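Trainee: Please read through the structure below; I'll follow up with questions.
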Amino acid sequence: MVEVVNILLAGVGGQGIVLASRVLADVALQSGKAVKVSETHGMAQRGGSVVTHVRFGEQVYSPLIALGQADFLLGFEKLEAMRFLPYLKKDGRLIVNDQEIYPLNVLLGKEKYPPEISSYLKEQTGQMCLVPAQEIAQQLGSPRVVNMVLLGVLAQFLDIPQEKWEEAIYRCVRPEFREINCQAFRKGFSWKSG
Amino acid sequence: MAVVLSGNEAVARGAFEAGVKVAAAYPGTPSTEILENFVKYEGVYGEWSPNEKVALEVGFGASLGGARALVVMKHVGLNVAADPLMTLSYIGVNGGLVVVTADDPGMHSSQNEQDNRLYARFAKIPLIEPSDSQEAKDFLKVAYDLSERFDTPVLFRLTTRVAHGRSPVVLGERKQIPLRDYAKNVPKNVMLPVYARQRHLRVEERRKELATFAEKSTLNQIIWGGRKFGIIASGVSYQYAREALGEEASYLKLGLSYPLPLGLVREFAEQVEQLFVVEELEPFIEEQLKAAGFSVVGKEVFPRTGELSPELIARRIRGTSPFQVHFSRPEGLPNRPPLMCPGCPHRGVFYVLKKLKVVVTGDIGCYTLGALPPFQAMDSCLCMGASIGASLGLEKARGKDFARQVVAVIGDSTFVHSGLTGLVDLIYNKGTGTVIILDNRTTAMTGHQDHPGTGFTIKKEETKALDFAEVASAIGVKRVSTVDPYDLENLERVIQEELASEEVSVIISKRPCVLLNPPKVDKRIEVDADKCKGCKRCLQLACPALSFAGDRVSVNEEICNCCSLCVQVCPHQALKVGER
């Protein structure tokens with residue numbers, strides 16, 4: 001089978017997952033790869049689970065990543081990372097934003113937010129990056145750039161030069177937000193697991 | 001140079017390059033971004049039409065006038081536009097006309113998953129199905145040539161994974177297409193029975209000519225691999241199959257999938273051991289092939305519901321899947337359904353409707369979420385505009401007394417789309433029901449498109465705004481009131497009064513979508529921990545900014561838009577609006 005890098009981005013509507021996937025697709029194209037992305041729009045975006053598939057390589061057919069085939073699972077929220085764990089490859093890498101967003105039934109006290117998600121994920125996969133992306137974004141004064149922090153962490157594991165990433169961010173982000181997004185990316189790119 | 005485009009952006013680009021002059025659409029997931037992107041190009045006209053039927057009629061007029069025209073809708077929109085489509089097939093075109101239908105297998109954001117390929121066969125018009133963004137652009141240009149060459153509208157079908165899939169596209173230049181001459185031609189363009197009979201004969205000839213053309217069309221191609229499995233597929237199903245089976249199988253990829261190129265199928269079938277049709281939803285290709293005498297396997301092994309996937313195709317054809325799952329997730333994880341945003345103007349209405357325990361006939365929009373827990377304040381949701389007719393039907397079945405506890409709720413854009421005629425019926429046939437127009441000044445669910453009530457066109461040019469109160473009055477509604485859904489007490493009082501009244505009422509619940517112009521929140525909701533009894537009344541608002549921490553409510557200030565509904569419903573005055 002042709003070599004393809006599969007990246008699954010999972011989180012909650014409103015977390016900037018679609019923008020992150022667009023930057024990824026752009027950087028892949030500029031690196032001379034074929035690329036396909038599948039996005040979520042519409043009703044699910046109103047605070048529901050959102051998942052986006054990104055695939056790049058010499059030749060890409062399906063826009064969807066098959067179960068068990070994700071080289072990277074980028075979890076924007078802990079519960080969503082757990083929900084989409086079956087997509088991860090055996091030796092795939094799990095990158096998770098250390099943030100909990102409660103679904104309605106948890107807010108209403110009808111269901112419990114699963115405790116100890118981090119340790120469950122770590123135990124299962126053996127090599128999770130738990131990133132304080134929310135905290136890093138807050139320090140930069142913009143909670144909305146969590147997506148770029150996570151992209152920065154992901155970029156540590158992909159063989160694409162940093163300037164290519166920043167060029168892609170530049171192309172995909174509105175002018176007034178370019179600098180803050182690049183800053184967030186750099187924070188993620190230089191972040192080291194504790 | 002290539003750029004990454006969604007299928008929808010690629011269709012818009014393709015229309016631009018094909019020299020399309022006029023485009024019309026009604027927004028609907030997964031089709032909406034096509035018109036949004038098309039109008040960004042110079043020298044084109046695009047509009048949000050009130051509904052899909054009008055959009056197609058505008059497209060028809062533009063084509064009649066000699067221009068290339070594009071008409072766009074989601075799958076269920078074509079039901080609304082089916083009336084003009086079926087007869088437009090007889091009339092044909094002057095300037096090329098393409099109807100884009102964006103189908104939604106798996107119902108990511110739709111009320112059904114009908115397969116609109118059947119419309120192509122029903123209307124006897126050619127069907128084109130791209131499988132990625134490059135094809136979306138290139139095939140659309142072919143569609144216009146086909147439309148003009150064969151004097152026919154063309155149905156161009158996307159599915160969610162193509163429309164909202166992104167892949168590289170090599171851009172081209174805009175082709176300058178001169179307007180074709182306009183000439184009055186009554187026998188062709190006026191479908192009186194005497195002329196329509198002649199045109200129908202022509203349609204049947206055209207169908208045969210198209211079938212011959214399909215045999216040689218570059219949109220249909222054979223990709224030879226292993227000869228054990230022969231796969232016939234179109235659209236994204238081809239991509240899934242290719243992913244699943246790779247070089248192991250051979251493929252007949254259909255880009256022009258109606259009329260079917262039966263000769264090409266025969267050539268393919270003769271050289272493979274076992275023939276499969278891989279298609280989502282209906283056995284559209286399969287049944288035609290079986291009727292033509294081919295021995296194919298299709299829905300015997302593939303589901304007729306939902307989306308396909310590479311895993312599913314591999315398992316059903318080869319018996320095993322190359323995709324192994326290594327990690328499991330724990331059972332019983334809390335689901336995360338979509339919900340109304342903090343500060344959503346619909347929230348107060350559904351809180352009150354639930355409290356009043358009324359029967360609610362619903363409609364299509366963000367507010368359909370009012371059907372979900374904890375509100376569960378919706379009894380029906382059928383299609384665009386159905387709420388008003390349904391409420392009248394309930395009244396005629398169960399009587400006027402029953403109507404005293406029935407409310408129809410309908411969004412502003414939906415009301416314009418197809419609620420107006422329902423309201424006319426309510427008046428004309430002496431109903432006594434209550435209609436709430438949830439006027440949030442936008443088409444919210446699909447991503448905030450303007451509509452005739454907002455006072456702006458798709459290009460944000462100012463225009464005459466349809467005034468719902470005036471329209472209701474003109475239709476004959478005597479009791480029209482406008483309320484602010486942030487004022488619960490008044491809202492409840494008005495709804496109760498209008499329900500009690502034995503004549504038609506229209507209540508306009510007016511406040512802009514909170515995402516449209518996010519309010520500058522300079523206030524905050526303060527919780528008085530001593531007064532909060534932990535009764536959870538405020539949680540019944542299903543606001544994502546409110547949660548239960550320990551035994552008290554807490555407010556997430558990061559997302560709170562300070563609508564103050566929680567302050568209003570708290571029976572212990574434990575919540576109040578303070579300064580930030």
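Only the coordinates and a few stated rules stand behind these numbers; no lab work does. All values reported here derive from a predicted model rather than from experimental measurement. Cβ: placed from backbone, ideal geometry, glycine included. Neighbour counts: every protein chain shown.
Trainee: How would you rank B:474-480, A:35-41, B:105-111, highest first, on the average number of other Cβ atoms within 10 Å across their residues?
Mentor: Working: B:474-480: 15.0, A:35-41: 24.6, B:105-111: 18.4.
The most tightly packed comes first, giving A:35-41, B:105-111, B:474-480.
Trainee: Would you please give the FRET efficiency between B:GLU248 and B:LEU171, computed as 1/(1 + (r/R0)^6) with r the Cβ-Cβ distance and R0 = 30 Å, to the nearest 0.05?
Mentor: On the way: r = 35 Å, r/R0 = 1.15.
According to the calculation, E is roughly 0.30.
Trainee: Run through region B:182-279 and list the GluC sites (Glu not before Pro) located in a DSSP loop whose Cβ has at most 12 other Cβ atoms within 10 Å.
Mentor: Details: sites: B:GLU204, B:GLU205, B:GLU209, B:GLU215, B:GLU243, B:GLU247, B:GLU248, B:GLU267, B:GLU270, B:GLU273, B:GLU279; in loops: B:GLU270, B:GLU273, B:GLU279.
For GluC sites (Glu not before Pro) across region B:182-279 that sit outside H, G, I, E and B with at most 12 neighbouring Cβ atoms in 10 Å, the list reads B:GLU270, B:GLU273.
Trainee: Further question: Order by neighbour count: B:GLU579, B:GLU280, fewest other Cβ atoms within 10 Å first, most last.
Mentor: If I rank by nearby Cβ atoms, fewest first, I get B:GLU579, B:GLU280.
Trainee: Set the Förster distance to 60 Å, then compute FRET efficiency between B:GLU502 and B:THR457 from the Cβ-Cβ distance, nearest 0.05.
Mentor: Numbers: r = 40 Å, r/R0 = 0.67.
In this case the efficiency is close to 0.90.
Trainee: Can you give the % of DSSP beta bridges in the protein assembly as shown that are antiparallel, to the nearest 5? All intermediate terms of the calculation are to be shown ahead of the outcome.
Mentor: On the way: 38 of 105 bridges.
Just about 35 percent of them are antiparallel.
Trainee: In nanometres, what is the gap between the two model label sites at B:ASP530 and B:SER295, each 7 Å from Cα along Cα-to-Cβ?
Mentor: Going from the B:ASP530 label point to the B:SER295 one covers 8.7 nm.
Trainee: For the protein assembly as shown, what size does the Cα cloud have along each of its three principal axes, sorted from largest down, in whole Å?
Mentor: 81, 71, 48
Trainee: Now a separate question. Taking the DSSP beta bridges in chain B as the whole, what percent of them are antiparallel, to the nearest 5?
Mentor: Values: 22 of 76 bridges.
Rounded to the nearest five, the antiparallel share is 30 percent.
Trainee: In region A:5-79, what % of DSSP beta bridges are antiparallel (nearest 5)?
Mentor: 75
Trainee: Still on this model: Working out 0.36 nm times the residue gap between A:GLN138 and A:GLU176, then minus their Cα-Cα distance, what length gain in nm do you get to one decimal? Display every interim value, and only then the final one.
Mentor: Details: separation 38, 0.36 × 38 = 13.68 nm, distance 1.81 nm.
This chain segment gains 11.9 nm when fully extended.
Trainee: Which pairs, out of B:LYS141/B:LYS175; B:LYS21/B:LYS141; B:LYS357/B:LYS430; B:LYS137/B:LYS253; B:LYS228/B:LYS253; B:LYS520/B:LYS576, put more than 20 Å between their alpha-carbon atoms?
Mentor: Working: B:LYS141/B:LYS175 10 Å; B:LYS21/B:LYS141 13 Å; B:LYS357/B:LYS430 25 Å; B:LYS137/B:LYS253 17 Å; B:LYS228/B:LYS253 17 Å; B:LYS520/B:LYS576 18 Å.
The pairs that break the limit, which is 20 Å between Cα atoms, are B:LYS357/B:LYS430.
Trainee: Running Debye on region B:523-579 with equal point scatterers at the Cα sites and no solvent, what base-10 log of I(q)/I(0) appears at q = 0.15, 0.16 Å⁻¹?
Mentor: -0.33, -0.38
Trainee: At q = 0.19, 0.21 Å⁻¹, what is the base-10 log of I(q)/I(0) for region B:145-290 according to the Debye formula with one equal point scatterer per Cα and no solvent? Please give it to two decimals.
Mentor: -1.21, -1.34
Trainee: Quote the FRET efficiency, to the nearest 0.05, computed for B:LYS523 versus B:ARG304 with a Förster distance R0 of 56 Å and r equal to the Cβ-Cβ distance.
Mentor: On the way: r = 53 Å, r/R0 = 0.95.
Calculated value: 0.60.
Trainee: Subtracting the Cα-Cα distance from 0.36 nm times the residue separation, let me have the gained length for B:MET86 to B:ASP145 in nm, one decimal. Show your work: numbers first, answer last.
Mentor: Numbers: separation 59, 0.36 × 59 = 21.24 nm, distance 2.07 nm.
Full extension of this stretch gives 19.2 nm more.
Trainee: So what is the calculated 222 nm ellipticity per residue for chain B, using -39500 (n - 2.57) for each DSSP H run with n of 4 or more, over all residues, to the nearest 500 deg cm²/dmol? Write out the running numbers ahead of the final one.
Mentor: Working: 21 runs with 202 residues, N = 580.
Computed ellipticity for chain B at 222 nm equals -10000 deg cm²/dmol.
Trainee: Between B:GLN573 and B:VAL194, what length comes free when the chain is fully extended (0.36 nm per residue of separation minus the Cα-Cα distance, one decimal in nm)?
Mentor: On the way: separation 379, 0.36 × 379 = 136.44 nm, distance 7.46 nm.
Net length gain for the segment: 129.0 nm.
Trainee: Here's another thing I want to ask about it. Please list, by residue number, everything in region B:469-499 whose backbone N is under 17 Å from a paramagnetic label point 7 Å out along Cα→Cβ of B:TYR428.
Mentor: B:472-477
Trainee: Taking neighbour counts of Cβ atoms within 10 Å as a proxy for exposure, in what order, fewest first, do B:ARG121, B:ARG266 appear? Intermediate values should be presented prior to the final figure.
Mentor: On the way: B:ARG121 17, B:ARG266 12.
Arranged by neighbour count, lowest to highest, B:ARG121, B:ARG266 become B:ARG266, B:ARG121.
Trainee: Shielding by partners for B:337-347, please: the mean number of other protein chain Cβ atoms within 10 Å of each residue's Cβ. Write down the numbers at each step before the final one.
Mentor: Working: counts 9, 11, 7, 3, 4, 1, 0, 1, 0, 0, 0.
Going residue by residue through B:337-347 and averaging, the value is 3.
Trainee: In the structure shown, do any of A:LYS36/B:LYS208; A:LYS89/A:LYS164; B:LYS53/B:LYS184; A:LYS122/A:LYS164; B:LYS400/B:LYS464 have a Cα-Cα gap over 28 Å, and if so which? Walk me through the intermediate numbers first.
Mentor: Values: A:LYS36/B:LYS208 37 Å; A:LYS89/A:LYS164 26 Å; B:LYS53/B:LYS184 23 Å; A:LYS122/A:LYS164 31 Å; B:LYS400/B:LYS464 37 Å.
Result: A:LYS36/B:LYS208; A:LYS122/A:LYS164; B:LYS400/B:LYS464 exceed 28 Å.
Trainee: Ok, one more. Scaled to the compact-protein estimate 2.2 N^0.38 Å, what is the alpha-carbon radius of gyration of region B:220-318, rounded to two decimal places?
Mentor: Values: Rg = 11.8 Å, N = 99, 2.2 N^0.38 = 12.6 Å.
For region B:220-318, the normalised Cα radius of gyration is 0.94.
Trainee: Quickly estimate the mean residue ellipticity at 222 nm for chain A, helices only: each DSSP H run with n ≥ 4 gives -39500 (n - 2.57), and the total goes over all residues, rounded to 500. Don't skip to the end; give the middle numbers.
Mentor: Working: 8 runs with 74 residues, N = 194.
Value at 222 nm, helices only, nearest 500: -11000 deg cm²/dmol.
Trainee: Projected area of chain B, taken from the Cα convex hull and averaged over every viewing direction, in nm²? Please report the intermediate quantities before stating the final value.
Mentor: Numbers: hull surface 124.6 nm².
Taking the Cα atoms of chain B, their convex hull projects to 31.1 nm² on average.
Trainee: Taking the alpha-carbon centroid of each part, what is the distance from region B:491-541 to region B:28-54 in angstrom?
Mentor: First find each Cα centre; the distance between them is then 34 Å.
Trainee: If you don't mind, there's one more thing I want to ask. Provide the descending list of Cα extents for region A:1-145 along its principal axes, expressed in whole angstroms.
Mentor: Between the extreme Cα coordinates on each principal axis of region A:1-145 lie 47, 32, 31 Å.
Trainee: Work out the length of the dipole vector of the protein assembly as shown about its Cα centre, built from +1 on the beta-carbon of each Lys and Arg and -1 on the beta-carbon of each Asp and Glu, and round it to the nearest 20 debye.
Mentor: On the way: 89 positive and 89 negative charges, 96 e Å.
Charge dipole, the protein assembly as shown, about its Cα centre: 460 debye, nearest 20.
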